[in-house]
Amino acid sequence: MLSENMKAIRKSKGLSQQELAVKLNVVRQTISKWEQGLSVPDSDMLISISEVLETPVSTLLGEKVIEAKVDDLKAISAKLEVINLQLAQRKTTRKRMLLWFLISLCVVIAAIFAILLALESPYLGWDYSDPETAVLGVAFHSFEWLFVRAAPIILIGAIIGIFSTR
């Protein structure tokens, strides 16, 4: 039991027999004998082994430790690859959605500019003695004033965004 567990834990930690021997101040052949079950370490050495392998002594002496198999690592690697591909697809989709949103924003701003140019501010000729007409005229004028000042900044930002997302 000790020999199998020690070998499995050593391999899972990525240590060779020589590296473990150096850390324990013994020769490599001693590690080989312990792992083959030809000899057993004394209690002090068992404690040293557990410290080097960062494993409780009870685990070294207890139930069988299952060594990570190459197939398990390949399965984990394949799953990680799938996850990475999914994340890349999401990123591409978000980027594409942002690009189309910015293009749409530019088209809407251009359309509103064209409409405002075609209308030539008709509210300027309205009779403002009627309160409802006055409120509507002020609303139109406020929208036009705000749009003419804010839209170029938004349009430039959208165009920069389009080029930066490509």
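When the criteria are applied in full, Gly137 fails the requirement of being within 38 Å of the chain's Cα centre (by Cα), surrounded by 11 or more Cβ atoms within 10 Å (Cβ to Cβ) and not acidic (Asp, Glu).
Of Leu2, Leu38, Leu99, all but one fail to be modelled with pLDDT under 90 and either buried (at least 16 other Cβ atoms within 10 Å of the Cβ) or under 30 Å from Ile160 (Cβ atoms) (or both); the exception is Leu2.
Annotation: of all residues in the range 102-117 being modelled with pLDDT of 90 or more, of a type outside the set (Val, Ile, Thr) and loosely packed, with under 14 Cβ neighbours inside 10 Å, the one that is farthest from Thr165 (Cα to Cα) is Ala114.
The values are calculated or read from the model by the stated rules, or taken from the named source; none is laboratory data. From a predicted model like this one, the values you see are computed outputs, not experimental measurements. When we count neighbours, we look across all protein chains shown, and the Cβ atoms used for this are built from the backbone with ideal geometry, even at glycine.
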